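The values are calculated or read from the model by the stated rules, or taken from the named source; none is laboratory data. Treat the numbers as computed from the prediction; the structure is a model and nothing was measured. Positions of Cβ are backbone-derived with ideal geometry, glycine not excepted, and every protein chain shown enters the neighbour counts.
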């Protein structure tokens, strides 16, 4: 090898940063998507060297834009025909379901234990645990004490952090639940929402992106929308905002839900025998439709009924339906609309995502792509702004993961 070739190869080692994405053959729980927390398999040096030589040849790589998310799909051979499109739903699933518990309910901790033992996959052989949401109130109307400090009665701040680590979301249920009492903000729902958001941000470094209407107080969905959230949740109060179906509508088309803000309905019941009947019925309908959903909520849980619901759900949905927070699916839709550019060169498809319009509060910045080519995918190389990637060489599914975990 002459001096010039050796110099170029050494330069490639210095300037090229890559990691090997998991293939379908390795299962992993990635409920916590924080940078540095993954045990990625070592790269196959022969594959890496071959890829670097064919892609870079004797030219310098393009400079990376640090404000953008970018990665490369590496193929087994030349892939001039390679194309990629963003999947309509995360992991290219057919539909989704969300569960939320109101009022800082301790019963959510019981549900947490069941949910983390149930999984769907990311379409690449990696398990993703079911997750839900906890709607939290900030302060007591009676004595102004923070609910997050009253561990005998409500979920604590520390427990909220654990839930977040398991993929759960925390939702805004108002600083004060009632507009009356010893302490209150009246019906100033804008103040209730903004002060509740500030409290959770201060206590657990978490920025919320959705709200649950306390009781049936009108004006709350509008205030949530004006604050910049993506959704509100209720079984009866929607402020004439879409989709606002009401009447315990069980299964609905996601296409009816506006991208920027949706006032969602939910099946709500504290009677879990009735809840089990309703959810099994809704699940049977959901699996016959595409890009549809239903949502459910409660103040409490019956473990036996929830176990029956989850067992039935995993059995009949056959890994085709997401069980996740509403925030995660709503943020995915916005991510899917970001400007994305694709460029093919030799056996490389480079994908660049521009997130400059993405609100800072977004937690989930994941995307799933359907990649087509006569050549097979052999690797995914992270260039910038991505925590992890997985791929399926048989289906062409590629998932990239990025979570914002700290806002302060």
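Against the conditions (1) more than 20 Å from the chain's Cα centre (by Cα); (2) modelled with pLDDT of 95 or more, where does residue 166 fall short? Just the number, please.
Of (1) more than 20 Å from the chain's Cα centre (by Cα); (2) modelled with pLDDT of 95 or more, only one is false for residue 166: (1).
Considering only residues that are surrounded by fewer than 19 Cβ atoms within 10 Å (Cβ to Cβ) and assigned to a loop (DSSP other than H, G, I, E, B), which ones fall in the stretch 339-360?
Once the filter is applied, which keeps residues that are surrounded by fewer than 19 Cβ atoms within 10 Å (Cβ to Cβ) and assigned to a loop (DSSP other than H, G, I, E, B), the stretch 339-360 yields 339, 346, 354, 355, 356, 357, 358, 359, 360.
Quick grid of which residues meet (1) at pLDDT below 95; (2) within 29 Å of residue 294 (Cα to Cα); (3) in contact with a strand residue (DSSP E or B) (Cβ under 9 Å, 6 or more places away or on another chain); (4) assigned by TED's automatic domain parsing to the domain that holds residue 97:
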{"residue": "313", "(1), (2), (3), (4)": "no, yes, yes, yes"}
{"residue": "320", "(1), (2), (3), (4)": "no, yes, yes, yes"}
{"residue": "353", "(1), (2), (3), (4)": "no, no, yes, no"}
{"residue": "367", "(1), (2), (3), (4)": "no, yes, yes, no"}
{"residue": "377", "(1), (2), (3), (4)": "no, no, yes, no"}
{"residue": "380", "(1), (2), (3), (4)": "no, no, yes, no"}
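Which numbered condition trips up residue 248, out of (1) modelled with pLDDT under 95; (2) out of contact with any strand residue (DSSP E or B) (no Cβ under 7 Å at 6 or more places or on another chain)?
(2)
Mind listing whichever residues of the stretch 202-213 are crowded, with 22+ Cβ neighbours inside 10 Å, assigned to a loop (DSSP other than H, G, I, E, B) and more than 15 Å from the chain's Cα centre (by Cα)?
213
Which residue out of 313, 294, 268 is closer than 30 Å to residue 207 by Cα and in contact with a helix residue (DSSP H, G or I) (Cβ under 8 Å, 6 or more places away or on another chain)? Give the steps one after another, and end with the answer.
Numbers: 313 fails: closer than 30 Å to residue 207 by Cα; 268 fails: in contact with a helix residue (DSSP H, G or I) (Cβ under 8 Å, 6 or more places away or on another chain).
Matching residue, one of 313, 294, 268: 294.
Answer yes if at least one residue in the stretch 233-247 is on the phi > 0 side of the Ramachandran plot, in the same structural domain as residue 101 (by TED's automatic domain parsing) and in contact (Cβ under 8 Å) with a residue 40 or more places away in the chain, and no otherwise.
No, there is no match, as no residue in the stretch 233-247 is on the phi > 0 side of the Ramachandran plot, in the same structural domain as residue 101 (by TED's automatic domain parsing) and in contact (Cβ under 8 Å) with a residue 40 or more places away in the chain.
List the strands (runs of 3 or more DSSP E) inside the stretch 54-123, counting only whole elements, that have at least 2 residues being modelled with pLDDT of 95 or more, within 15 Å of the chain's Cα centre (by Cα) and surrounded by 17 or more Cβ atoms within 10 Å (Cβ to Cβ). Give the derivation first.
On the way: elements: 69-75, 83-86, 95-101, 119-121.
Ranges flagged: 95-101, 119-121.
Identify all residues within the stretch 371-382 that are within 24 Å of the chain's Cα centre (by Cα) and either in a loop (DSSP other than H, G, I, E, B) or under 30 Å from residue 208 (Cα atoms) (or both); write none if there are none. Quick ask: steps written out before the conclusion?
Of all residues in the stretch 371-382, those within 24 Å of the chain's Cα centre (by Cα) come to 371, 379-382.
Across the stretch 371-382, the qualifying residue is only 382.
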